[in-house]
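Written below as structure tokens is the structure these notes are about.
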Amino acid sequence: MSQYVLAALCFVAYLTIYYLVGVAVSKILKLDNNPIRQLLIGMFAYGILFSIYVLPMKFMIVPVNVIGKIWVVIVGVLCLVIVVTLRKYMAKGLKKWLGYIKKNKAVAIVVGLFTAFQVTFVEIYCRLVAGFNQVWFVGWVSNGVLHNELMTYDVVTGDPLSAFPNDRYLCTFLDHSAVICRLFRIHPMVEVRTVLTGIFVLMQCLVVWEIAKCIGKGRKDRSILAFLLYWGVRNAMVGSQLLPSYYTFFRTYEGKGFVMNVPIPLMILIMWKMYDKPEKTKYLWESALIVWGSMTYSLSMMFTYPFVLAAYLPFMLAKKDGRKYMFRNMMVIGLICLAFFVVYFLGQPKIGILDLTIRR
């Protein structure tokens, strides 16, 4: 029972921290004071902050419990500062959001109930129990808890590694789970397959609703129809392992399951809005945060985003006004992908420029 309580507290804590970080980012970068968007952007910004913090610690083989204690202090102070300094800004955004809910009760009920159903259904009925990939995602966290080190032991054999895995060491969301499990005594299976699963499905529903609102163009009936139709079609395709819907239900907690269902649709939405008003810098900042933040979940995104940009290229060329702003935004996204690719390439064993040898 204590694990259920810890899971619930962890779930709420994650959402609270994501929201507060999103509030700070939206204020600093002059983004929309919208709690839903702040929650989404805050998740990526928080992932970036933790990645910057933990990577040097990981290479220096700092014990996980020490990493966790320092990080808890940093996050606690950060959240306190945000609440104290931006409480009026938060109150304004929450008041506007609650006002929207009061005026659109039907929307709130339908979307809220469906989201609660989707999260509950996936949590209870849709856990893949025989998949080899769960060895990686649960194994890295379990090793971090057991050995008090991050990514230094093989998840299959349990043997010490001689070097950090080049294809995974930059994906720090599992390091974060290991830190949380070690510090607060949450079981890795509970953290990865319950807490993260719930967070990821919730974020998927929020992204879909943001897309549905754009499709509906202010009409509640069209927005609800688009939301339900989207999920209806996706859920009907759950049997194919090649489609995102499969990862929504059975491999939700995996990094690639998250990136194909949250940041990619969110990026497409931003590009859609960017087409109408490409000169707005908020789209540049949002896309940059999403691209960088999603790399902390799956490095495959450094190859995926260029294809997304290539698909957007005809629209950019067809746009006469504001084309230079669209090109600027695309270049920033491309440069972020290129930076991660270069780091990944330099870490290849045959190249050997970036030494990933584990030195205890």
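The values are calculated or read from the model by the stated rules, or taken from the named source; none is laboratory data. No experiment lies behind these values; they were computed from the predicted model shown. All Cβ positions, even for glycine, are placed from backbone atoms using ideal geometry, and neighbour counts span all protein chains on display. Side chains are part of the model used for accessible areas, which takes the heavy atoms of the whole protein and leaves out ligands, DNA and RNA. Shrake-Rupley method; radii C 1.70, N 1.55, O 1.52, S 1.80 Å.
Some points to look at:
- Selection from LEU146, CYS126, THR172, by position along the positive dipole direction of segment 121-213 (Cβ): CYS126
- Unit charges at the beta carbon, dipole of the chain: most positive-side option, LEU299, TYR325, GLY218: GLY218
- Sparsely packed loop sites in segment 281-337 (the trypsin sites (Lys or Arg not before Pro) outside DSSP H, G, I, E and B with at most 13 other Cβ atoms within 10 Å) comprise LYS320.
- Segment ASP321-LEU338, length gained on full extension (0.36 nm per residue, minus Cα span): 3.4 nm
- Kyte-Doolittle mean at least 0.0 and Cα axial length at least 27 Å: DSSP H helices in the chain: 2-29, 35-59, 64-103, 105-125, 196-216, 323-346
- Scaled radius of gyration (Cα, divided by 2.2 N^0.38 Å) that the chain gives: 0.99
- For segment 107-236, diffusion coefficient by Stokes-Einstein and Kirkwood Rh (Cα), 37 °C, 0.692 mPa s, µm²/s: 195
- R0 of 56 Å, Cβ-Cβ distance LEU354-LYS217: FRET efficiency to nearest 0.05: 0.70
- For the residue pairs LYS88/LYS282; LYS69/LYS273; LYS256/LYS350, the C-alpha atoms sit more than 31 angstrom apart in LYS69/LYS273.
- On the beta carbon distance between ILE61 and LEU94, with R0 = 41 Å, the FRET formula returns roughly 0.45.
- Heavy-atom surface analysis with a 1.4 Å probe gives the chain a carbon and sulfur content of 70 percent of its accessible area.
- Using just its DSSP H runs of length 4 or more, each adding -39500 (n - 2.57), the chain gives a mean residue ellipticity at 222 nm of -25000 deg cm²/dmol after division by all residues.
- Segment 317-344 and segment 153-180: distance between their alpha carbon centers, rounded to Å: 31
- Summing charges over neighbours of PRO165, with a neighbour being any other residue whose Cβ is under 12 Å away from its Cβ, gives 0 when K and R count +1 and D and E count -1.
- Taking all Cα pairs closer than 8 Å and separated by 6 or more residues, the relative contact order of the chain comes to 20 percent.
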